[in-house]
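Structure record follows, encoded as structure tokens.
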Amino acid sequence: QVQLVESGGGLVQAGGSLGLSCAASGLILSGNAMGWYRQAPGKQRALVAAITRGGSANYADSVKGRFTISRDNAKNTVHLQMNGLKPEDTAVYYCKYTSWGLDYWGQGTQVTVSS
């Protein structure tokens, strides 16, 4: 089992910045990927950014150039730096850990961007 604890999030004005962090504990295996997804009211959960253990990252088109994902393999943490936030970024953000075909999710953290 893998446990994910998220931190960060909150309320920010448009154009501002926030950082999200997620720490994984438990049965941490090699070859895993970590990432962030978000779910806005009435919408499906969607990928924001993901990063492999080797550091390869991919981003949703809507956040490219504004968000940066990074990870610390020694600490089993992943960080999402969000700059230039827009009201449409408002959502619950979830951390996801994937290894050997198994997905684990964090509890979610709210990000609200006011216009």
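The values are calculated or read from the model by the stated rules, or taken from the named source; none is laboratory data. Note that this is a predicted model, so its numbers are computed, not measured. For neighbour counting, all protein chains shown are included, and Cβ atoms are generated from backbone atoms with ideal geometry for every residue, glycine included. Only protein heavy atoms, including side chains, enter the accessible area calculation; ligands, DNA and RNA are left aside. Shrake-Rupley method; radii C 1.70, N 1.55, O 1.52, S 1.80 Å.
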re the chain: pairs of Cα atoms spaced beyond 22 Å account for a percent value of 26
Taking a ≥ b ≥ c as the square roots of the Cα gyration tensor eigenvalues, with a/c under 1.5 meaning rounded and otherwise prolate when a/b beats b/c, else oblate, which class fits the range 14-73? prolate
Under a 1.4 Å probe, what is the accessible area of the range 1-84 per residue, stated in Å²? 52
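When Lys and Arg each count +1 and Asp and Glu each count -1, what net charge do the other residues less than 11 Å away from Val2, Cβ to Cβ, add up to? Each step should come with its number before you reach the end.
Details: positive: Lys96; negative: Asp103.
Every neighbour counted, the sum reads 0.
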Show which lysines lie in cross-link reach of Lys75 when reach means a straight Cα distance below 27 angstrom and same-chain residues fewer than eight apart are skipped. Lys64, Lys96
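Carbon and sulfur: what percent of the chain's accessible surface (1.4 Å probe)? Write down the numbers at each step before the final one.
Working: 3070 of 5930 Å².
Reported share for carbon and sulfur atoms: 52 percent.
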If contacts are Cα pairs under 8 angstrom and at least 6 residues apart, what is the relative contact order of the chain in percent? 36
Nearest-20 debye value, the chain charge dipole, Cβ charges on Lys, Arg, Asp, Glu: 100
